[in-house]
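Reviewing the structure listed below.
The values are calculated or read from the model by the stated rules, or taken from the named source; none is laboratory data. All values reported here derive from a predicted model rather than from experimental measurement. No Cβ is skipped: glycine too gets one built from the backbone with ideal geometry, and neighbour counts run over all protein chains shown. Side chains are part of the model used for accessible areas, which takes the heavy atoms of the whole protein and leaves out ligands, DNA and RNA. Shrake-Rupley method; radii C 1.70, N 1.55, O 1.52, S 1.80 Å.
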Amino acid sequence: MEKLTTIPEDIPTSVTRLSLSYNLLRRLRVPPLERLWELNVKWNQLETVDWESLRNVPALKYLNLNHNRLTQVNLGAVSKDLPNLAIVHLEGNRLSSFNLHDLGFPFVGAVSVVKIDNNPFNCDCAMAWLVNRFRCLQESLKIGDDPTSCIRCGTCVFGLVKLDAMVCSSPERLRGVALSNVSDHLSRCVDEATTSKTPGLQTRRYRIEGTAAGHLKSHPKTNGGTHEAQIR
(Lines give C-alpha, C1' and ligand atoms only; values in the text may rest on other atoms or scores of the structure.)
Protein backbone atom coordinates (compact mmCIF):
# COMPACT_ATOMS: atom_id res chain seq x y z
CA MET A 1 0.00 0.00 0.00
CA GLU A 2 1.44 3.34 -1.05
CA LYS A 3 1.66 5.93 1.69
CA LEU A 4 0.39 9.47 1.36
CA THR A 5 2.78 12.23 0.35
CA THR A 6 0.05 14.88 0.07
CA ILE A 7 -3.22 15.47 1.90
CA PRO A 8 -6.23 14.16 -0.07
CA GLU A 9 -8.54 16.76 -1.50
CA ASP A 10 -11.73 14.73 -1.05
CA ILE A 11 -12.00 14.77 2.74
CA PRO A 12 -15.65 15.39 3.75
CA THR A 13 -16.12 18.85 5.25
CA SER A 14 -18.25 17.28 8.00
CA VAL A 15 -15.37 15.21 9.38
CA THR A 16 -14.71 15.66 13.10
CA ARG A 17 -11.68 13.39 13.61
CA LEU A 18 -8.92 12.92 11.07
CA SER A 19 -5.83 10.71 11.22
CA LEU A 20 -3.03 11.09 8.68
CA SER A 21 -0.55 9.16 10.81
CA TYR A 22 2.22 6.89 9.52
CA ASN A 23 2.51 8.46 6.10
CA LEU A 24 5.20 10.39 4.23
CA LEU A 25 3.87 13.93 4.51
CA ARG A 26 6.60 16.58 4.53
CA ARG A 27 4.43 19.68 4.67
CA LEU A 28 1.14 20.25 6.44
CA ARG A 29 -1.44 22.73 5.25
CA VAL A 30 -4.79 22.08 6.91
CA PRO A 31 -7.83 22.34 4.59
CA PRO A 32 -11.06 24.05 5.70
CA LEU A 33 -12.78 21.59 8.04
CA GLU A 34 -14.91 23.66 10.37
CA ARG A 35 -16.14 20.74 12.49
CA LEU A 36 -12.77 19.05 12.94
CA TRP A 37 -11.78 18.76 16.60
CA GLU A 38 -9.02 16.13 16.42
CA LEU A 39 -6.13 16.09 13.94
CA ASN A 40 -3.48 13.38 14.18
CA VAL A 41 -0.42 13.66 11.95
CA LYS A 42 2.11 11.75 14.05
CA TRP A 43 4.91 9.64 12.55
CA ASN A 44 5.25 11.41 9.22
CA GLN A 45 8.21 13.36 7.81
CA LEU A 46 6.85 16.83 8.44
CA GLU A 47 9.48 19.53 8.06
CA THR A 48 7.10 22.47 7.88
CA VAL A 49 3.61 23.31 9.10
CA ASP A 50 1.55 26.15 7.69
CA TRP A 51 0.51 27.31 11.14
CA GLU A 52 -1.77 29.99 9.69
CA SER A 53 -3.82 27.22 8.04
CA LEU A 54 -4.94 26.03 11.48
CA ARG A 55 -7.45 28.88 11.30
CA ASN A 56 -9.29 26.56 8.90
CA VAL A 57 -10.15 24.27 11.84
CA PRO A 58 -11.60 26.64 14.49
CA ALA A 59 -13.11 23.77 16.51
CA LEU A 60 -9.72 22.06 16.97
CA LYS A 61 -9.11 20.58 20.44
CA TYR A 62 -6.37 18.00 19.89
CA LEU A 63 -3.39 18.32 17.58
CA ASN A 64 -0.80 15.53 17.40
CA LEU A 65 2.44 16.23 15.54
CA ASN A 66 4.57 13.67 17.37
CA HIS A 67 7.65 12.16 15.77
CA ASN A 68 8.20 14.38 12.79
CA ARG A 69 11.08 16.61 11.67
CA LEU A 70 9.83 20.01 12.78
CA THR A 71 12.50 22.54 13.67
CA GLN A 72 10.11 25.42 14.35
CA VAL A 73 6.77 25.94 16.08
CA ASN A 74 4.57 29.01 15.77
CA LEU A 75 1.35 28.36 17.66
CA GLY A 76 1.40 31.98 18.72
CA ALA A 77 0.38 33.02 15.22
CA VAL A 78 -2.99 31.26 15.51
CA SER A 79 -3.68 30.30 19.12
CA LYS A 80 -6.08 33.19 19.68
CA ASP A 81 -8.20 31.78 16.85
CA LEU A 82 -8.37 28.30 18.42
CA PRO A 83 -10.33 28.85 21.64
CA ASN A 84 -10.96 25.13 22.19
CA LEU A 85 -7.36 23.97 21.78
CA ALA A 86 -6.54 21.68 24.72
CA ILE A 87 -3.63 19.42 23.81
CA VAL A 88 -0.78 19.81 21.33
CA HIS A 89 1.76 17.00 20.95
CA LEU A 90 5.19 18.04 19.69
CA GLU A 91 7.29 15.27 21.23
CA GLY A 92 10.05 13.66 19.23
CA ASN A 93 10.65 16.47 16.75
CA ARG A 94 13.74 18.62 16.12
CA LEU A 95 12.81 21.66 18.16
CA SER A 96 15.93 23.17 19.68
CA SER A 97 14.92 26.71 20.60
CA PHE A 98 11.59 28.51 21.08
CA ASN A 99 9.87 30.98 23.38
CA LEU A 100 6.51 31.26 25.09
CA HIS A 101 4.90 33.02 22.16
CA ASP A 102 5.99 30.21 19.84
CA LEU A 103 4.11 27.77 22.08
CA GLY A 104 0.92 29.82 21.90
CA PHE A 105 1.02 32.09 24.94
CA PRO A 106 -0.87 33.94 26.22
CA PHE A 107 -3.86 32.33 24.52
CA VAL A 108 -2.72 28.78 25.26
CA GLY A 109 -1.92 27.94 28.84
CA ALA A 110 -4.59 28.06 31.50
CA VAL A 111 -6.20 24.72 30.66
CA SER A 112 -4.04 23.64 27.71
CA VAL A 113 -1.06 21.32 27.41
CA VAL A 114 1.77 21.57 24.88
CA LYS A 115 3.96 18.46 25.10
CA ILE A 116 7.59 19.06 24.12
CA ASP A 117 9.45 16.03 25.55
CA ASN A 118 12.31 14.39 23.63
CA ASN A 119 13.36 17.31 21.49
CA PRO A 120 17.03 18.32 20.92
CA PHE A 121 17.07 21.37 23.20
CA ASN A 122 19.85 23.91 22.71
CA CYS A 123 20.66 24.99 26.26
CA ASP A 124 21.80 28.55 25.68
CA CYS A 125 20.54 31.89 26.95
CA ALA A 126 17.55 31.86 24.60
CA MET A 127 16.26 28.79 26.44
CA ALA A 128 17.13 29.97 29.96
CA TRP A 129 13.43 30.63 30.62
CA LEU A 130 12.66 26.92 30.14
CA VAL A 131 15.74 25.72 32.00
CA ASN A 132 14.83 27.84 35.04
CA ARG A 133 11.30 26.48 35.14
CA PHE A 134 12.45 22.88 35.22
CA ARG A 135 15.10 23.69 37.81
CA CYS A 136 12.29 25.08 39.96
CA LEU A 137 10.19 21.95 39.39
CA GLN A 138 13.01 19.59 40.29
CA GLU A 139 13.75 21.46 43.51
CA SER A 140 10.06 21.42 44.43
CA LEU A 141 9.84 17.67 43.85
CA LYS A 142 12.83 17.10 46.12
CA ILE A 143 10.89 18.71 48.95
CA GLY A 144 7.76 16.64 48.32
CA ASP A 145 5.03 15.83 45.84
CA ASP A 146 3.33 19.23 45.95
CA PRO A 147 0.49 19.39 43.40
CA THR A 148 0.97 23.15 43.17
CA SER A 149 4.60 22.82 42.03
CA CYS A 150 3.81 23.11 38.35
CA ILE A 151 1.75 26.24 38.98
CA ARG A 152 4.49 27.87 41.00
CA CYS A 153 7.18 26.90 38.49
CA GLY A 154 5.17 27.60 35.34
CA THR A 155 5.44 24.06 33.97
CA CYS A 156 1.78 23.00 34.02
CA VAL A 157 1.48 23.81 30.33
CA PHE A 158 3.92 20.98 29.58
CA GLY A 159 1.76 18.37 31.30
CA LEU A 160 3.19 15.54 33.38
CA VAL A 161 6.84 15.67 32.43
CA LYS A 162 9.57 13.12 33.02
CA LEU A 163 12.58 15.28 33.80
CA ASP A 164 14.95 12.71 32.28
CA ALA A 165 13.17 13.21 28.93
CA MET A 166 14.07 16.91 28.97
CA VAL A 167 17.81 16.98 28.24
CA CYS A 168 20.20 19.23 26.35
CA SER A 169 21.49 18.21 22.93
CA SER A 170 23.74 21.23 22.62
CA PRO A 171 26.11 22.87 23.28
CA GLU A 172 28.42 19.87 23.35
CA ARG A 173 29.55 20.46 26.94
CA LEU A 174 25.93 20.07 28.12
CA ARG A 175 24.88 17.22 25.84
CA GLY A 176 22.78 14.70 27.76
CA VAL A 177 22.42 16.90 30.85
CA ALA A 178 18.87 17.37 32.11
CA LEU A 179 17.45 20.87 31.63
CA SER A 180 16.74 20.96 35.34
CA ASN A 181 20.49 20.69 36.07
CA VAL A 182 22.00 23.32 33.79
CA SER A 183 20.78 26.62 35.22
CA ASP A 184 24.16 27.27 36.89
CA HIS A 185 25.74 27.21 33.43
CA LEU A 186 23.32 29.93 32.31
CA SER A 187 23.54 32.12 35.42
CA ARG A 188 24.51 35.20 33.38
CA CYS A 189 21.53 34.90 31.05
CA VAL A 190 18.44 37.08 31.25
CA ASP A 191 15.29 34.97 31.50
CA GLU A 192 13.75 35.37 28.05
CA ALA A 193 10.31 35.08 29.60
CA THR A 194 10.68 38.72 30.64
CA THR A 195 11.55 39.90 27.14
CA SER A 196 9.58 37.54 24.92
CA LYS A 197 6.79 38.56 22.60
CA THR A 198 4.32 37.31 25.18
CA PRO A 199 2.49 40.09 27.05
CA GLY A 200 2.57 38.98 30.67
CA LEU A 201 3.68 35.72 30.18
CA GLN A 202 -1.89 8.42 -4.87
CA THR A 203 -2.97 4.79 -3.99
CA ARG A 204 -4.71 5.47 -0.78
CA ARG A 205 -6.55 3.53 1.85
CA TYR A 206 -9.36 5.25 3.71
CA ARG A 207 -11.51 4.30 6.64
CA ILE A 208 -14.43 6.25 8.03
CA GLU A 209 -15.63 4.90 11.38
CA GLY A 210 -16.11 1.25 10.56
CA THR A 211 -16.15 1.59 6.77
CA ALA A 212 -13.97 -0.86 4.85
CA ALA A 213 -10.81 0.50 3.26
CA GLY A 214 -11.07 1.66 -0.31
CA HIS A 215 -12.66 4.94 -1.28
CA LEU A 216 -13.72 7.79 0.92
CA LYS A 217 -17.43 8.10 1.45
CA SER A 218 -19.79 9.64 3.96
CA HIS A 219 -20.71 7.45 6.88
CA PRO A 220 -22.94 9.12 9.49
CA LYS A 221 -22.58 8.18 13.12
CA THR A 222 -25.53 7.89 15.41
CA ASN A 223 -24.45 10.69 17.72
CA GLY A 224 -25.58 13.69 15.74
CA GLY A 225 -24.38 12.59 12.31
CA THR A 226 -20.73 13.44 12.83
CA HIS A 227 -18.09 11.79 10.72
CA GLU A 228 -14.65 10.37 11.33
CA ALA A 229 -11.89 9.64 8.86
CA GLN A 230 -8.66 7.77 9.20
CA ILE A 231 -6.23 8.00 6.32
CA ARG A 232 -3.11 5.88 6.10
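Determine, yes or no, whether ASN66 is open to solvent by 10 Å² or more (accessible area, probe 1.4 Å), touching a strand residue (DSSP E or B) at 6+ places or on another chain (Cβ under 8 Å) and polar (S, T, N, Q). Step through it out loud before you land on a result.
Working: open to solvent by 10 Å² or more (accessible area, probe 1.4 Å): yes; touching a strand residue (DSSP E or B) at 6+ places or on another chain (Cβ under 8 Å): yes; polar (S, T, N, Q): yes.
In short, yes.
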| task | Given the conditions (1) crowded, with 19+ Cβ neighbours inside 10 Å; (2) in contact with an Asp or Glu (Cβ under 7 Å, 6 or more places away or on another chain); (3) modelled with pLDDT of 95 or more, report the number of the one that GLY76 does not fulfil. | result | (3)
| Flag if ASN119 is at pLDDT 95 or above, surrounded by 18 or more Cβ atoms within 10 Å (Cβ to Cβ), closer than 24 Å to ALA178 by Cβ and not acidic (Asp, Glu) | yes
| query | What is the one condition in (1) touching a strand residue (DSSP E or B) at 6+ places or on another chain (Cβ under 6 Å); (2) surrounded by 15 or more Cβ atoms within 10 Å (Cβ to Cβ) that THR48 does not satisfy? | reply | (2)
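Quick check on segment 39-95: of everything there that is charged (D, E, K, R) and assigned to a loop (DSSP other than H, G, I, E, B), which residue is farthest from MET127 (Cα to Cα)?
As a first pass, look at segment 39-95 and keep what is charged (D, E, K, R): 42, 47, 50, 52, 55, 61, 69, 80-81, 91, 94.
Right, trim to assigned to a loop (DSSP other than H, G, I, E, B) and you get 42, 47, 50, 61, 69, 91, 94.
Details: LYS42: 25, GLU47: 22, ASP50: 24, LYS61: 27, ARG69: 20, GLU91: 17, ARG94: 15 Å.
Here the answer is LYS61.
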| Residues that are open to solvent by less than 80 Å² (accessible area, probe 1.4 Å), outside any loop (DSSP other than H, G, I, E, B) and closer than 15 Å to GLN45 by Cβ, drawn from segment 1-32 | LEU28
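To keep it simple, each residue is scored yes or no on (1) open to solvent by 40 Å² or more (accessible area, probe 1.4 Å); (2) part of a helix (DSSP H, G or I); (3) not polar (S, T, N, Q).
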site: TRP129; (1), (2), (3): no, yes, yes
site: ASP146; (1), (2), (3): yes, no, yes
site: ILE151; (1), (2), (3): yes, yes, yes
site: SER169; (1), (2), (3): no, no, no
